Amino acid sequence: MAGQNTRVIVIGGGIAGTSAALALHRAGLEVLVCEAHPRTAGDLGAFLTLASNGMKALAQIGAAEAIARVGFGLTAMNALDENGTELVKRPMGDHADPLTRFRCLRWSELTAALQTEVNAQGIELRHAAALVGLTEDGSGVTAELADGTTVTGDLLVGADGLNSVVRTLIDPKAPHPRYAGQRVFYGYTDQIAPPSEPGLITMVRGQVANFGYTISPTGQVYWFARQTADALEQVGVAPSAQLRAELIEDLRKDATPTADIVAATEGILVTNARDLPDVTQWSTERVLLIGDAAHAASPATGQGASMAFEDAVILAKALRDSENQGAALKLYEQLRRPRTQHNITASAAMTGRSGAPLPASPISDEELARQLDWESTL
Ligand SMILES: Cc1cc2nc3c(=O)[nH]c(=O)nc-3n(C[C@H](O)[C@H](O)[C@H](O)COP(=O)(O)OP(=O)(O)OC[C@H]3O[C@@H](n4cnc5c(N)ncnc54)[C@H](O)[C@@H]3O)c2cc1C
C-alpha cells in the first residue's frame with residue numbers, strides 16, 4: 001500500500017519514534033514526527049547497551065553506520081561472583097562486524113544521532129510539539145498539540161514512551177507502569193581504573209546488587225547497579241548523600257571493585273525500574289502504539305531500544321506489504337506481541353520479581369532475521 005500518499009504522524013521523537021520515522025520513510029510513506037521536548041529530548045543522563053539484534057534492525061533502515069559512530073563497541077562480557085571470581089567470559093553477539101556489534105552509548109547521544117538521521121532524510125521533526133488529544137474517523141486521525149494547533153494524517157503512531165499519552169487516549173483503562181522491584185543507579189568516572197580490557201563489559205553478581213561496568217576508549221568507567229529495594233520517591237541526578245553512602249556500604253560486602261567505583265564517582269543518577277506487562281489494546285483503526293508505550297520491559301535484559309528498532313522495521317514492512325492499513329496493523333501486532341511479551345517476562349524473571357525461569361524465545365533467530373530483512377516480504 002506504500003506510495004498511496006499515506007501520511008503518518010509519529011508522536012515521540014525518541015528511540016522508537018525516530019527509528020519508525022526512518023523506516024516508514026524508507027517504505028515510501030509521508031511522515032511527520034512530533035516531539036514534546038523543546039530541544040533534542042528529555043533524558044536522565046543514563047547510558048544503555050544496544051544489542052546485535054537492534055543494530056541489525058537499524059541496518060535495514062540505513063541507520064547502523066550513524067549509530068556505530070556513537071559511543072563505543074562491546075565485544076565480550078565476563079561475570080564475577082561476590083568474591084571477584086570469574087564465573088564466565090564469552091564473546092557478545094555478532095562482534096566481528098562493527099555494524100552488528102553491541103554498543104554502549106548515552107541515551108542522549110543515541111537520540112541525537114537518530115534525530116540527525118531523520119533530519120538528513122528530509123523528514124519533518126517538530127520539537128515542543130506535545131500531543132494532548134486525538135480524534136479519528138473514517139477519513140483520518142487528528143492530533144491536538146499543546147500549543148493549540150492540530151495535525152492530520154491517515155495513521156498516528158504512538159511512540160511516546162512508558163508514560164504514553166496516546167495509550168490512555170485510545171484506552172482510558174490502559175494499565176499504568178508498575179515498579180519492577182529494583183532501583184537502578186548509574187555513574188561515570190575517570191578517577192579509577194578497575195580490571196578490564198577494551199570492549200569488555202563486566203557483570204558482578206554481588207550479594208546486594210547486580211553491577212555492571214565497562215571502560216570507554218577515553219578511560220571513563222561507565223557503571224550501573226541494580227538493587228532490589230523499595231521504590232524511591234525521588235529519582236534523577238545526585239541522590240542524597242545518604243543513598244550514595246548506603247550503596248557504597250552495601251557493595252563493600254563483596255570482594256570486588258564495585259564499591260570503589262561508586263566511591264570514585266561524583267554525580268550519581270538513580271531511577272526506579274518499571275515495566276508495563278499487560279497493554280491489551282495496541283491499536284484502533286488509525287492509531288498504533290510502538291516501543292515502550294506498548295511493551296516496556298524492566299531494564300534487566302537491556303533490550304528495550306532494540307525492541308523499538310525491530311518494531312520500526314516490522315511496522316514499515318507490514319504497511320508496505322499489506323493490502324490495507326487495517327491488515328497491516330493486525331499483521332504487525334501478530335508478529336510483535338509474542339516477541340515483546342517474551343522480553344518483558346524474561347526481564348521480570350531476571351529482575352527477580354516473578355521468580356520464574358527464563359522463558360524460551362517464541363521465535364527462532366532465522367525467522368526473526370527473515371522478518372527484519374527489508375528485501376523479504378512479511
Ligand atoms: C534504567 C533503564 C535502563 C535501560 N537500559 C537499557 C539498555 O541497556 N538497553 C536497551 O536497549 N534499553 C534499555 N532501556 C530501555 C530503553 O531506554 C527504552 O526501551 C527505550 O528508551 C524506549 O524508547 P521509546 O522511544 O519507546 O521511549 P522513550 O525513549 O521514552 O521516548 C519517548 C519520546 O516521546 C516523547 N514524548 C512523550 N510524551 C509525548 C507527547 N505527549 N507528545 C510528544 N512526544 C512525547 C518523549 O519526550 C521522548 O522523546 C533502559 C531503560 C531504563 C529505564
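With 15 Å as the cut-off, how large is the P(r) tail for region 78-123, expressed as percent of Cα-Cα pairs? Counting pairs separated by more than 15 Å, the tail of P(r) holds 67 percent. State, to one decimal in nm, how far the label point of residue 367 lies from the label point of residue 207, with both points 7 Å from Cα in the Cβ direction. For residue 367 paired with residue 207, the spin-label model returns 4.5 nm. Close lysine pairs were tallied over the chain: pairs 8 or more places apart or on different chains with Cα atoms under 29 Å apart number 6. Whole-Hz Karplus values for region 195-211 come out as x, 6, 8, x, x, 9, 10, 9, 9, 10, 8, x, 5, 10, 7, 8, 10 Hz, taken residue by residue from phi with 6.51 cos²θ - 1.76 cosθ + 1.60 and θ = phi - 60°; glycine and proline positions read x. Peptide packing: for 297-303, 28-34, the average count of neighbouring Cβ atoms within 10 Å per residue gives the ranking 297-303, 28-34, highest mean first.
Based on DSSP H segments of at least four residues, each scored -39500 (n - 2.57), the chain has a per-residue ellipticity at 222 nm of -9500 deg cm²/dmol.
Give me the percent of the accessible area of region 178-274 that comes from carbon and sulfur atoms, probe 1.4 Å, all protein chains in place.
Summing carbon and sulfur atoms, their accessible area is 47 percent of the total for region 178-274.
Hydrodynamic analysis of region 285-331 uses the Kirkwood radius over alpha carbon pairs. Inserted into Stokes-Einstein at 37 °C and 0.692 mPa s, it gives a translational diffusion coefficient of 285 µm²/s. Each residue of region 178-274 gets 94 Å³ once the volume of the Cα convex hull is shared out per residue.
Quick one: in the chain, what % of C-alpha pairs are over 27 Å apart? Value for the chain: 48 percent of Cα pairs lie more than 27 Å apart.
Computed from the alpha carbon atoms alone, the convex hull of region 12-108 holds 110 Å³ per residue.
The values are calculated or read from the model by the stated rules, or taken from the named source; none is laboratory data. As the structure is a computational prediction, the values presented were derived from the model and not from experiment. Every residue, glycine among them, receives a Cβ derived from its backbone with ideal geometry; neighbour counts consider all protein chains shown. Side chains included, ligands, DNA and RNA excluded: accessible areas come from the protein's heavy atoms. Shrake-Rupley method; radii C 1.70, N 1.55, O 1.52, S 1.80 Å.
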